Structures are given as structure tokens and as C-alpha cells.
1. With 10 Å bins from zero, work out the P(r) of the stretch 327-402 over every alpha carbon pair and list the percent per bin.
2. Indicate the gyration tensor shape class of the stretch 63-160 (rounded, prolate or oblate), computed on the Cα atoms with a ≥ b ≥ c the square roots of the eigenvalues: a/c under 1.5 is rounded; otherwise a/b larger than b/c is prolate and the rest oblate.
3. For the stretch 225-299, restrict the atom set to alpha-carbon positions and state the Rg and Dmax in Å.
4. So for the chain, averaging the separation of alpha carbon pairs under 8 Å that are six or more residues apart and normalising by length, what relative contact order in percent results?
5. Suppose only helical runs count, i.e. DSSP H with n ≥ 4. What mean residue ellipticity at 222 nm does that imply for the chain under -39500 (n - 2.57) per run, divided by all residues and rounded to the nearest 500 deg cm²/dmol?
6. Taking only Cα atoms, what is the 0 to 90° angle, nearest 10, from helix 142-152's long axis to the longest principal axis of the chain?
7. Hey, fewest Cβ within 10 Å first, where do 281, 150 land in order?
8. Starting from the Cα gyration tensor of the chain, take the square roots of the eigenvalues, sort them a ≥ b ≥ c, and report rounded, prolate or oblate (rounded when a/c is under 1.5, otherwise prolate if a/b is larger than b/c, else oblate).
Ligand SMILES: *Cc1c(COP(=O)(O)O)cnc(C)c1O
């Protein structure tokens, strides 16, 4: 088997300008962490998002941002959070680690994200927090979800790890909720050399705790000191949420990553638009095949971080399809997002129960196509042809069986 299109671990290639920005920061950064490139990246990110300056905090990865968001929830024993079962594991476990009990919400079968209705069905008197995941890069119906959260006095957190630049009603994914997180992992549409993340916290008082939480409780001493070295270089204080202490860690991101993140913000809309145009081209080219059901969104509501389809004939067909694509066409497709309640991790913690038939059905029949931004036009057209050839071959096999 000759692999022609891999499911790449890398989403984008860098331009010469982006590489130059990295080299420049390597040469000139005064410190390699917690310096001016961090401040600039956060400020430019807040401007891009259309949110208050000071509300965005760059961190080492999306999971680190989720850890801090979970800490800022200040869960009390018995508190629950609602989260889709159809997501990446780190959307959920930081909230468990910091004291929340997950209740799994189902997805909409067409959009593959949660809705206000599916969240409402998972609410109990113990619900404190709702985590919304804009999976694949598609923005969930935030106005309706926020209405529900405000009505029930729930904290709303957006996992926009996959949805940078996606918009709804002219607002960016990750600018609606009380908090939001972003990931700049190697797979994502914007990646800061493989790892990186951002935490957005709308409330200024909560947001002001983040620099201490992120950096070991480090902070400045209050007021002027006549001898700058006394009693020590800087203070270490205990961040407090009301009367509850919040333990810090080191979630810092390096200056080189931040320098790159700042310049990538100039190109992210273009990257998203190119991915979206390709997704629509592929979906339309295959519109005549009922076997594959895509989610077609020709607007900025979707950035097509990932391109996934449901195999309508069912799970057996899906497996034949992926095998044929791999063995006969050299194209590596994958299956993503085992509903979290079905993983040993969550079962062993006692969170194996869910009432999420749509998430289960989608997982059991889904296929995710290789969709890295840097795929050549030639490979992309090959991908479309390979899908068609596989669909036709499987039709013929079926006709032969009958
Ligand atoms: C990638 C991702 C994360 C975690 O981000 P990291 O930067 O890899 O820690 C969280 N949630 C979702 C939905 C993701 O896709």
C-alpha cells in the first residue's frame, strides 16, 4: 500500500515572514518567557476577538487554559457541569479534577454540537457550569445557550479550541461566554509551534487572578519598595476566590510562541477561508452520493478545522469505506471522538452513564478526512476522486452481493 495522503499531525506550514518573526524573537527577545511578546499576543488576540483588553491570557496549551477555567469555577462538593459527550477528552477532565461531576449532553445530529435543548435536558438542581464545545470549528447556537445559562444562573464556558475565527451574528467563537479557551496545538488552524493556548475570562476581577494562577502565585509587591531586592525579587501570594484559595501552577507559554502567534493572527482569516472553500468544493462534488452526509456551512460560522461525514448506510459500511480508502487509494481517514462516557477513564471514575443517542450514533458511523491546510491542490483533487472511486466500488460490491 502506497500512502498518498496521510492524516497529518500538522495543520499548517509557515510563511517566510512567520519564520522571520520567530528568528527575530529568538535573537532579540529580552527574556524567553513572560515578556513583551506575551503582552503583545494577548493584546492582539483580544482585539481580534473583539473583547476587552486584559481579558485574554496566553498559556502553554488549551488543556492548561481548561485547568484554570475549571479552577475559577470553584466547584463545591456535589456540583455538576454539563458537557457534550462528543468531544476531546481535555474538554472535560479538568473540570472533574477540580471538583465537578460531569453530566453528558447530546449533540444535534446535523451540526454535531450541543444545543440549548440538549443542554436543558441534562440540567439538574446541582448544575453550576455549562461547557459548550464548538467542535470541528462550527459555532454552537450561543445566543440561545446563553439565554438558558442566564435564566438558570449557570456559568457558561466555551471550548473554542477548534473554532478560532468562526463567527455567529458578527461575534467570534469564544467571545460569548463567561470564559473561553483556545488551543494552538499542532493540529489546529492556528498553531504556535505545536503547543499553545489562550484563556479568555470576561469578568475583570476573575481575569485579574489568572497571571498569578498561571505563574506559581508570582505577583508584584504592593507599593514602592525603597530597596528593590528586599524582601525578595517578587512576591508569592495566594490567589483567593471569595474565601476559597485557588492553587497556582506554571502554565506559561514561551516568548517565541507568542511572537509567532501574533503574526499568525494576520493570516488566520485567510487560512479559515481557504479551508472553508475547499470543504464546500468537496461537499458539492460529492453531493450526488447519499452514502456520505456532510455538514455544509458556506459562511464564517464554520472554519472547517476538521472535515467529517456520517456514513449513512451504517457502521459496517463506514469500516469498509475507511479500509477501501486506505488500502486501495492510499488515503488515511480516521474516526474521532469516542463519546467520553465510553472511555475507561470516565467509566472508572463512575461517569460511564449517558443518555446521548445522537453522539453514539454519530461516532459509530463517522469518518474524518485528512484536511491539512497545506495539502496541494493536486492531492486535494486526488482526495475527491478517491472518495468517489471508493463509493462507486462499494456500490458495485453491494450490487454483486444482492
Ligand atoms: C485540541 C483540543 C483541546 C486541547 O488543546 P491542547 O492545546 O492540545 O491542550 C481541548 N478541546 C478541544 C475540543 C480540542 O480540540
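Nothing in this text is a laboratory measurement; each read-out follows from the coordinates by a stated rule. Computed from a predicted structure; not experimentally measured. When we count neighbours, we look across all protein chains shown, and the Cβ atoms used for this are built from the backbone with ideal geometry, even at glycine.
1. Binned Cα distances yield the sequence 15, 30, 27, 22, 6.
2. Since a/c reaches 1.5 but b/c is at least a/b, the shape of the stretch 63-160 is classed as oblate.
3. 25.0, 77
4. Computed value for the chain: 23 percent relative contact order.
5. -11500 deg cm²/dmol
6. Once rounded, the angle reads 50 degrees.
7. 150, 281
8. oblate
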